[in-house]
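Visitor: Just passing along the structure, written as structure tokens.
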Amino acid sequence: MYNSWMGEKPSFTIRRHAPGHVPSFAFNDVQMLRSNAFGPPVSAAEARADEAVRVRSENWWVHGEWPKSDRRPEPRKALYHLLYYKGGLAAVSQTSVRTVHTPRSDLDLLTLAGVFCAPPVRGCGLGKAVILDAFSRLKEQGLSYCLFQAGSSRGLYEKLGATVVNNRFVDRTAKDPEANPWFEDWVMRYPAESPWPGGIIDLNGPGY
């Protein structure tokens, strides 16, 4: 189905859903798109981990139930950004608001996570569109920064106006609070031109 989209000018719709308000069919679309984007698990252990994540995500996004056993604080003002193109789900991102601790003060910022795009339509501007829709929440929420991590997509984010940050990050909620809470190669912020605090930043939760 996706192959028929190639070569056409993108005309898309982005729908936003808060936790507890994601239709089951939309959640299933996200899981299928994620599988297409990242491939199936390569081991039984990965399959079990993926299933645990899927169940937890379904409880949160579809039913609005944050697991009591989760050490992370319940995300504030969370949204799924779902981009539909030609009747199918083509790109996804997630945002929420988190308070981090800097050497000077606490700082509310926008988080960006779970960004992926259907492989056959990469390069068509759809991933860019779903990221920009996420960034637009900065103005809506009266926030100054979006903080996120990136791997091979660093170049795309830089073209959109983001930049790498070089702070040391910790997580006071972790078993090892001094360990780096991020797992990708780069930590980035948007927009690049805004002044950014120096020193150690407590992410106040795991990387996302």
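Visitor: So, R0 is 25 Å and r is the distance between the beta-carbons of Arg54 and Glu193; what FRET efficiency does that work out to, to 0.05?
Guide: The value I calculate is 0.05.
Visitor: Roughly how far apart, in whole Å, are the Cα centres of the range 42-99 and the range 102-121?
Guide: What the calculation gives is 14 Å, centre to centre.
Visitor: Note down the net charge around Pro23, summing +1 for each Lys or Arg and -1 for each Asp or Glu among other residues with Cβ under 10 Å from its Cβ.
Guide: 0
Visitor: Now a separate question. Please arrange Phe38, Phe27, Phe148 by how many other C-beta atoms lie within 10 Å of their C-beta, fewest to most.
Guide: Least to most surrounded, the residues fall as Phe38, Phe27, Phe148.
Visitor: Per-residue ellipticity at 222 nm for the chain, helices alone: DSSP H runs ≥ 4 residues times -39500 (n - 2.57), over residue total, nearest 500 deg cm²/dmol?
Guide: Per the formula, -8000 deg cm²/dmol.
Visitor: Among Thr99, Thr13, what is the fewest-to-most ranking by other Cβ atoms within 10 Å?
Guide: If I rank by nearby Cβ atoms, fewest first, I get Thr13, Thr99.
Visitor: Another one. Which net charge results for the neighbourhood of Ala192, defined as the other residues with beta-carbon distances under 15 angstrom from its beta-carbon, given Lys and Arg at +1 and Asp and Glu at -1?
Guide: +1
Visitor: Ok, one more. Among residues other than Gly207 whose Cβ falls under 10 Å from its Cβ, what is the net charge (Lys/Arg +1, Asp/Glu -1)?
Guide: Every neighbour counted, the sum reads -2.
Visitor: Taking the dipole about the Cα centre of the chain, with the C-beta of Lys and Arg at +1 and of Asp and Glu at -1, give me whichever of Val170, Tyr208, Tyr190 is farthest to the positive side.
Guide: It is Tyr190.
Visitor: Right, something else. Where in the chain are the helices, taken as whole DSSP H runs, whose Cα atoms extend 18 angstrom or more along the long axis and whose Kyte-Doolittle mean reaches at least 0.0?
Guide: Within the chain the helices that satisfy the rule are 24-38.
Visitor: Among rounded, prolate and oblate, which fits the range 9-153 when a ≥ b ≥ c are the square roots of the eigenvalues of its C-alpha gyration tensor, a/c under 1.5 means rounded, and a/b larger than b/c means prolate?
Guide: In terms of gyration-tensor shape, oblate.
Visitor: Let me ask something else about it. Compare Ser152, Ser11, Ser43 in a GNM of the chain, Cα atoms joined below 10 Å, and give the one with the largest fluctuation.
Guide: Ser43
Visitor: Multiply the residue gap between Lys159 and Glu184 by 0.36 nm, knock off their C-alpha separation, and tell me the result in nm, one decimal place.
Guide: Extra length from Lys159 to Glu184 when fully extended: 7.1 nm.
Just so you know, all these numbers are worked out from the coordinates, no wet-lab data involved. None of the values given here were measured: they were computed from a predicted structure. Virtual Cβ from ideal backbone geometry, glycine too; neighbours counted across all protein chains shown.
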